[in-house]
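The values are calculated or read from the model by the stated rules, or taken from the named source; none is laboratory data. Everything numeric in this text was worked out from a predicted model, so none of it was measured. Cβ sites come from the backbone with ideal geometry, for glycine too, and all protein chains shown count toward neighbours.
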Amino acid sequence: MEKSQNTIEKATVKNERCEAYYKERFIDANYSNDVTKKCDNIVHADLKAAFQDLIPFLVTITEQPEAKLFNAGNINAESLPEDIQKEIAKYTVTGYTHGGSDESAGVTLIGIKCLKSGQVLNLIAPFTKFQDDNTDGYPFGCELGMAIQGCDWEVSEYLFNEKYGIKQETLDFDGDVPDEAGVDGVEKKPKKKGKSKKSMTIEPAAVFDETA
């Protein structure tokens, strides 16, 4: 059967789980479906890191005080200096939504800021184009587009290629475990042994396909 070509339209991460809305297109059959998928599997560390890479863009688009820390040379850096990481640790990107198309394509970022009072400030950045030739346009649109592509890739790997985080579960072995003598002849309770359940990571595919 024909495999669908999937395009991520919206993704959120909450409680280490991902929920996404995407379009699956069947080119030969000439139809498409809108799909919302909410998963119970823990997200992979790479997906978490991809969302964290969006924090500098959330900060600069919403013109937070920490926006002055970023420029074209570091806004999409693989690793930021510790002092900058500390300054933006109060921010979290929880989701994004694609919008527009072609030259008007862009994204809306959603996140939170933890205040000193312990309360949470919800942040919704205005829709931002990846390409904007206006002098007052967002100066890091190209870098934002690259960061979103990285998120789309990781979300697709999670949804379609079972790239999950590791969930550990403790399982008791069958059979009796002999008691061990404790101090002063007092017997210790049997010790239960367990083993961890590992997940399998599949290598990234060239396109985001899902068997129909």
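Which condition does Ala29 not pass, out of (1) more than 25 Å from Phe127 (Cα to Cα); (2) buried (at least 20 other Cβ atoms within 10 Å of the Cβ); (3) of a type in the set (A, V, I, L, M, F, W, C); (4) free of Cβ contacts under 8 Å to residues at least 40 places away in the same chain, if it passes all the others?
So Ala29 meets the others, but not (2).
Give the number of residues within region 4-16 that are farther than 17 Å from Ala105 by Cα and either surrounded by 15 or more Cβ atoms within 10 Å (Cβ to Cβ) or touching a Pro at 6+ places or on another chain (Cβ under 7 Å) (or both).
Total satisfying the criteria: 5.
Which numbered condition trips up Asp184, out of (1) crowded, with 17+ Cβ neighbours inside 10 Å; (2) modelled with pLDDT under 85; (3) acidic (Asp, Glu)?
Asp184 satisfies all of (1) crowded, with 17+ Cβ neighbours inside 10 Å; (2) modelled with pLDDT under 85; (3) acidic (Asp, Glu) except (1).
How many residues are closer than 16 Å to Leu47 by Cβ and not in a strand (DSSP E or B) if we restrict to region 7-30?
The number of residues fulfilling the criteria is 2.
Go through (1) part of a loop (DSSP other than H, G, I, E, B); (2) surrounded by 15 or more Cβ atoms within 10 Å (Cβ to Cβ); (3) free of Cβ contacts under 8 Å to residues at least 60 places away in the same chain one by one and return the number of the condition Asn76 breaks.
Exception for Asn76: condition (3).
Looking at Lys10 and the list (1) farther than 17 Å from Ile148 by Cα; (2) touching a His at 6+ places or on another chain (Cβ under 8 Å), which single condition is not satisfied?
(1)
Could you give every pair whose Cβ atoms fall below 8 Å, whose first residue belongs to region 82-109 and is part of a loop (DSSP other than H, G, I, E, B), and whose second residue is of a type outside the set (D, E, K, R) and at pLDDT below 95, counting only separations of at least 6 or pairs across chains?
Between residues of region 82-109 that are part of a loop (DSSP other than H, G, I, E, B) and residues that are of a type outside the set (D, E, K, R) and at pLDDT below 95, the close pairs are Ile88/Leu80; Ala105/Gln131.
Please work out which one of (1) surrounded by fewer than 17 Cβ atoms within 10 Å (Cβ to Cβ); (2) assigned to a loop (DSSP other than H, G, I, E, B); (3) of a type outside the set (A, V, I, L, M) is the condition Tyr138 fails and give its number.
The single condition Tyr138 does not satisfy is (1).
Is it true that Asp152 is in contact with a helix residue (DSSP H, G or I) (Cβ under 6 Å, 6 or more places away or on another chain), surrounded by 14 or more Cβ atoms within 10 Å (Cβ to Cβ) and at negative phi?
So Asp152 does not fit the description; no.
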